[in-house]
Amino acid sequence: MFRRAILASAVLIGITLPASAATTPKLATTTTRMSQEVRIGGAIQPVPNGGMTPPKVVSYSPPAYTPQARAARIEGVVTVQAEFDIDGNFKVLGIIKGLGYGLDEKALEALQSWRFSPAYRSGAAVSVIAEIEVAFKSPAPDSDLYIQGMQWMDKGRYKEARILFQTLLSTFPDSKYASQTEYAFADSYYREGAREALVRARRRFEEYLAFFPDGPQRSDASKKLLEIQQRLDRK
C-alpha cells in the first residue's frame with residue numbers, strides 16, 4: 001500500500017486543508033496495477049471537492065536480477081519513496097524497504113526509465129509524495145521467456161512480447177536465445193509499422209548486427225534495414 005501526502009495544495013488548486021484534516025485524516029484506498037512489476041495506490045488523505053487519482057504508469061522496463069540474488073532465489077519488494085510533480089516527473093527521495101543482494105540498486109536503475117502520468121484531484125494535476133513498490137520474482141527460464149514472447153508476437157501483442165524479451169536479455173545476457181531475442185525485439189517494432197516504431201526498429205536491427213555480426217538472421221535484418229529506410233524516406 002502507498003501513502004500519499006498532497007504538496008502545496010493551496011498553490012496548485014486554490015484550497016486550504018482544515019487543521020483537523022491535516023492531523024487526523026480519514027483514509028481512502030485506491031489501487032492501480034500494471035503487470036506484476038509495479039503497484040501504485042494506497043492510503044490517500046481526502047480533501048474537500050473530490051478524491052484523487054494517483055499517478056499511473058505510462059511505460060516501464062522490468063528490473064534486472066543480479067547473479068547473487070538469482071543464485072539465492074531472493075524474491076520480494078523494494079519500496080521506494082518518490083516525489084511526483086504536476087507533469088508526472090518524479091524524484092526518488094529514498095529507499096524505505098530494501099532486499100539487498102544488489103536488488104536495491106537494480107530497482108533504482110530500472111526506475112530511471114519508468115514514466116508516469118501525474119496525480120489528479122478534481123481534474124487538476126497535483127504534486128504528491130508516493131511509494132513505488134518494485135517487485136522481484138525469480139525469473140522464468142530463458143527458454144520460457146523466449147517462447148512466451150514469441151507467442152505474444154504471433155498474437156500481435158508486441159508490447160507484452162518486448163517486456164519478456166527485455167527480461168530475458170537483462171537476466172540471461174549469455175543465453176543461447178540472446179541472438180534470436182534481440183532480432184525478435186527489433187522485429188516487434190518493425191511489425192508495428194508506424195514511423196516512430198520503424199525508427200526504433202532501425203536502431204534495434206543495427207544493434208543486432210553490431211552484437212551478432214554472424215547471427216543466423218543477419219541477412220533478414222539487413223534487408224529489413226533497407227526497407228525501413230525506404231519507408232521512412234516516403235513518410
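Any read-out appearing in this document is the output of simple, stated calculations on the displayed coordinates, not a laboratory observation. Keep in mind it's a predicted model, so treat the numbers as computed, not measured. Neighbour counts run over all protein chains shown; Cβ positions are idealised from the backbone, glycine included.
Give the cross-link partners of residue 159 among the aspartates and glutamates, using a straight C-alpha distance below 16 Å as the criterion and excluding same-chain residues fewer than 8 apart.
Filter leaves 37, 182, 187, 192, 196.
For residue 56, what residues show an amide H to amide H distance below 5 Å, using hydrogens built from the backbone and excluding near sequence neighbours?
Sorted by chain and number, the residues that satisfy this are 117.
Please list, in order along the stretch 212-227, the HN-Hα scalar couplings obtained from phi with the Karplus expression 6.51 cos²θ - 1.76 cosθ + 1.60 (θ = phi - 60°), rounded to whole Hz, x for Gly and Pro.
So the J values, rounded to whole Hz, are 10, x, 10, x, x, 10, 5, 5, 4, 4, 5, 5, 5, 4, 5, 5.
Under the Karplus relation 6.51 cos²θ - 1.76 cosθ + 1.60, θ = phi - 60°, what is the ordered set of whole-Hz ³J(HN,Hα) values for the stretch 179-186, x standing for Gly and Pro?
4, 5, 5, 4, 5, 5, 4, 5
Rounded, prolate or oblate for the stretch 142-234? Axes are the square roots of the Cα gyration tensor eigenvalues, ordered a ≥ b ≥ c, and the cut-off for rounded is a/c under 1.5. Let's see the in-between values first.
Details: a/c = 2.25, a/b = 1.36, b/c = 1.65.
Taking the square roots of the gyration eigenvalues as a ≥ b ≥ c, the stretch 142-234 is oblate.
Taking the beta-carbon count within 10 Å as an exposure proxy, list 175, 127, 222, 59 from fewest neighbours to most.
Listing 175, 127, 222, 59 from fewest to most nearby Cβ atoms yields 59, 222, 175, 127.
If amide hydrogens are placed 1.01 Å from N in the peptide plane, which non-local residues have theirs closer than 5 Å to the one on residue 102?
Sorted by chain and number, the residues that satisfy this come to none at all.
So, by mean Cβ neighbours within 10 angstrom, what's the order for 202-210, 94-102 with the highest one leading?
Details: 202-210: 17.9, 94-102: 14.6.
Ranked by mean Cβ neighbours within 10 Å, highest first: 202-210, 94-102.
So who's got an amide H within less than 5 Å of the one on residue 74, skipping anything under 5 residues away but keeping other chains? H placed 1.01 Å off N, in plane.
Long-range HN contacts for residue 74: none found.
Return a whole-number percent for the relative contact order of the stretch 67-184, with Cα pairs under 8 Å and 6 or more residues apart as the contact set.
25
Where in the stretch 63-89 does the amide nitrogen come within less than 12 Å of the point 7 Å from the Cα of residue 135, taken along Cα to Cβ?
Flagged as within label range: 76-78.
If you stretched the chain out fully between residue 147 and residue 108, how much longer would it get, using 0.36 nm times the residue separation minus the C-alpha to C-alpha distance?
11.2 nm
Can you give the FRET efficiency for residue 219 and residue 115, using 1/(1 + (r/R0)^6), R0 = 35 Å, r = Cβ-Cβ distance, to the nearest 0.05?
The formula returns an efficiency of 0.50 here.
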